[in-house]
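> One structure follows; several queries about it will come next.
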Amino acid sequence: MPPSLDPPRLFSRGRPSERWGSSLGFVLAAAGSAVGLGNLWGFAYRASQGGGSAFVLLYLLIVVVVCLPVLVAEMVLGRSTGHAPLIAPVTAGGRRWRPLGWMFLASAVGILSYYSVLMGWTGRSLLHALTGPLPADIGGAEAYFIGISTGGDAVLGHLLSLGLTGLVVAAGVRAGIERLTKVAMPLLFVMLLALLLWAAFLPGAVEGYSTFLLRWDPAKLSDPATIRNAFTQAFFSIGTGIGAILAYATYLNRTSPISGEAVAVVGMDTAVGLMAGCVTFPVVASFGLGDVVSGSTVGALFIALPTGLASLGPAGRVVAVVFFLLAYLAAITSAVSLLEVPASSLMDRLGWSRRRAVWLSVAAIAVLGLPSALDVGVLERMDAVFGGVFLIAGGLALALLLGWRAPARYRADLEGSGSPPALVAALLFALRWVSPPAIAVGLVVSIADLARSWAG
Ligand code: PHE
């Protein structure tokens, strides 16, 4: 059935009508979605699992040739249909694409349910650094970490973080999301830059950079664990494949230069990942904490960082405060984009008010996140399934939808907003011929490697 014969009206009762205040507002909001805990924690702990510069290289390659065309496709899908993530795939591809809308919803809700738990840990670490001395040694830090990541503290952190996210999203696209990201993103860059300079003068700085960026082992390029890490990191960090950027793109006007905006978002996201690596690796190297971090648990940096900084006295506490504050800002600007997926879908599908849609979503996600708040093992599995497999599968579906099912929509939207035809042709070529096979391989390797790690 041609897409145009599938009337979205059947499904939509409240097509979103809000708009971004400016193109910069959108770019900062989208960069805020991309830049998150994934850049600060994920990048460091995945890069430290032995891939060295092979990991970084694969990651960069995947970002540019695989994720970028898909990110553009996700933006086109949002803007050209004007519909929320639940409905946009049907509008562009017909009824058979309905499951994709549900998959977007499931991934966003699934990810936010544990992401807010991680935010809770971050907020708690921030408060701790503000109010008391940092843990004196690894043993103390481990005990402290168990304290914040289990039981009442973890549940409270999860609920408060989700509540805060709800407040921003309920305030609306311009008055909530755009207002937050316009302040938070520049602040985040400044703080990260300051930490980068500080870390450059640590005694272990050079050693840190070299384990992270400069250790070259070509065999790692074909190591399944490195490939899975690079894939998951690229998709999770850019955040394409679950409808968050799609939801944001529905609030764009027709003239906004999407391909340039996508490059800006990807550039900022990658820069923050690399910069964060240049902060954490010197810290880890100069305090001899390598083993703690490559232990590959989500908690590693929450333990390693405060322990390392503790030995620096008051200066270390200042650094810890800046780090956790910037991490919290990065996290909340991502969380709002995740919440926008179910919220905008409820508004669009059922005609609900923004407030009602937001608070109902928050309530459901709060309950769904409880198992992750109470058990770190559950959190890690949620991350592997939703943040790993679902996200990558969503990326594959997006490439097929816009590359093969509705390529005319991709071309028309981009050329209509002023992208040069040669650039559009290159993007479309990558979307059709590079992204799908590459993502399919990445998906298979990821699932196989995941199954092996769960079995063993
Ligand atoms: N990209 C975010 C991060 O790195 C997480 C995220 C994933 C946000 C998917 C939106 C969509 O933390």
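> Have a look at Val378, Gly204, Ile138 and report the one farthest towards the positive end of the charge dipole of the chain, computed about the Cα centre with Cβ charges (Lys/Arg +1, Asp/Glu -1).
So the residue furthest toward the plus end is Val378.
> If you place +1 on the Cβ of every Lys and Arg, -1 on the Cβ of every Asp and Glu, and leave all else neutral, what size is the dipole of segment 1-130 about its Cα centre, to the nearest 20 Debye?
So the magnitude is around 360 debye.
> When only the heavy atoms of the protein chains count and the probe is 1.4 Å, how do Arg432, Arg179, Arg174 rank by accessible area, highest first?
Largest accessible area first, the residues go Arg179, Arg174, Arg432.
> What number comes out for accessible area per residue over the chain if the probe is 1.4 Å? Units Å², please.
For the chain, the solvent-accessible area averages 36 Å² per residue.
> Now for a different question. Among Thr270, Gly442, Val362, which residue has its Cα furthest toward the positive end of the charge dipole of the chain, with +1 on Lys/Arg Cβ and -1 on Asp/Glu Cβ?
So the residue furthest toward the plus end is Val362.
> Quick one: compute the contact order of segment 23-455, relative version, from alpha carbon pairs under 8 angstrom and 6+ residues apart, as a percent.
36
> So for the chain, Kirkwood radius off the Cα pairs, Stokes-Einstein at 25 °C and 0.890 mPa s: how many µm² s⁻¹?
It diffuses with D of about 112 µm²/s by this estimate.
> Only four residue types carry charge here, +1 at the Cβ of Lys and Arg and -1 at the Cβ of Asp and Glu. Report the dipole size of the chain about the Cα centre in Debye, rounded to the nearest 20.
Here the size comes out at about 1560 debye.
> If you don't mind, there's one more thing I want to ask. How many percent of the accessible area of the chain is carbon or sulfur, using a 1.4 Å probe?
With neighbouring chains kept in place, the figure for the chain is 70 percent.
The values are calculated or read from the model by the stated rules, or taken from the named source; none is laboratory data. Since we're looking at a predicted model, the values are computed, not measured. Methodologically, a virtual Cβ is constructed for each residue, glycine included, from the backbone with ideal geometry; neighbour enumeration extends over all protein chains shown. With ligands, DNA and RNA removed, areas are computed over all heavy atoms of the protein, side chains included. Shrake-Rupley method; radii C 1.70, N 1.55, O 1.52, S 1.80 Å.
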